[in-house]
1. Please give the number of the condition residue 78 fails out of (1) under 19 Å from residue 33 (Cβ atoms); (2) open to solvent by less than 70 Å² (accessible area, probe 1.4 Å); (3) hydrophobic (A, V, I, L, M, F, W, C).
2. Which ones in the range 101-117 are exposed (fewer than 15 other Cβ atoms within 10 Å of the Cβ) and out of contact with any Lys or Arg (no Cβ under 8 Å at 6 or more places or on another chain)?
3. Pick out the one residue from 41, 45, 70 that is at positive phi and not basic (Lys, Arg).
4. Give the residues of the range 32-63 that are in contact (Cβ under 8 Å) with a residue 24 or more places away in the chain, more than 18 Å from residue 2 (Cβ to Cβ) and open to solvent by 40 Å² or more (accessible area, probe 1.4 Å), sorted by residue number.
5. Where in the range 1-96 are the helices (runs of 4 or more DSSP H), entirely inside, with at least 2 residues that are of a type in the set (A, V, I, L, M, F, W, C) and out of contact with any strand residue (DSSP E or B) (no Cβ under 9 Å at 6 or more places or on another chain)?
Amino acid sequence: MLRIFYESVVASAILYAVACGGSRLRVADANRLNKLIRKAGDVVGVELDSLTAVSERRTLSKLQAIMDNGSHPLYDTVMRHRSTFSARLILPKCTTERHRKSFLPVAIKLYNSSLSV
């Protein structure tokens with residue numbers, strides 16, 4: 001019963017923050033959220049996934065959903081980054097740290113690293 005409460009209330013709030021902030025979270029904020037997740041895991045009695053694992057899984061899932069949906073606004077942008085030689089995606093040129101940590105470059109890096117596993 002506690003796990004259901006955690007997943008429906010606590011996890012949804014935390015993971016919404018991860019979806020919005022994702023890779024742009026400061027280290028101190030990420031540590032606070034990981035600590036909160038560990039405490040919730042102690043209360044529930046189950047070891048829960050870390051913030052990084054959840055963030056990576058959700059980012060890859062979102063990128064895959066974009067690639068599968070031809071009517072998504074980012075579909076054409078993502079498809080322009082496809083390599084002609086392999087299934088990999090080519091990283092966009094990032095001139096600022098803010099752009100480098102935005103959704104698309106981070107998602108492409110995760111996608112490419114998941115292909116080589």
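The values are calculated or read from the model by the stated rules, or taken from the named source; none is laboratory data. A quick note: this is a predicted structure, and the numbers were derived from the prediction, not measured. No Cβ is skipped: glycine too gets one built from the backbone with ideal geometry, and neighbour counts run over all protein chains shown. These area figures cover heavy atoms from the full protein model, side chains too; ligands, DNA and RNA do not enter into them. Shrake-Rupley method; radii C 1.70, N 1.55, O 1.52, S 1.80 Å.
1. Answer for residue 78: the failing condition is (1).
2. Within the range 101-117, the first condition is being exposed (fewer than 15 other Cβ atoms within 10 Å of the Cβ), and the residues that meet it are 113-117.
Matches in the range 101-117: 113, 114, 116, 117.
3. Values: 41 fails: at positive phi; 70 fails: at positive phi.
Answer to the selection: 45.
4. Hits for the range 32-63 are 56, 58, 60, 62.
5. Details: elements: 2-5, 11-21, 27-44, 51-68, 75-80.
Qualifying helices (runs of 4 or more DSSP H): 2-5, 11-21, 27-44, 51-68.
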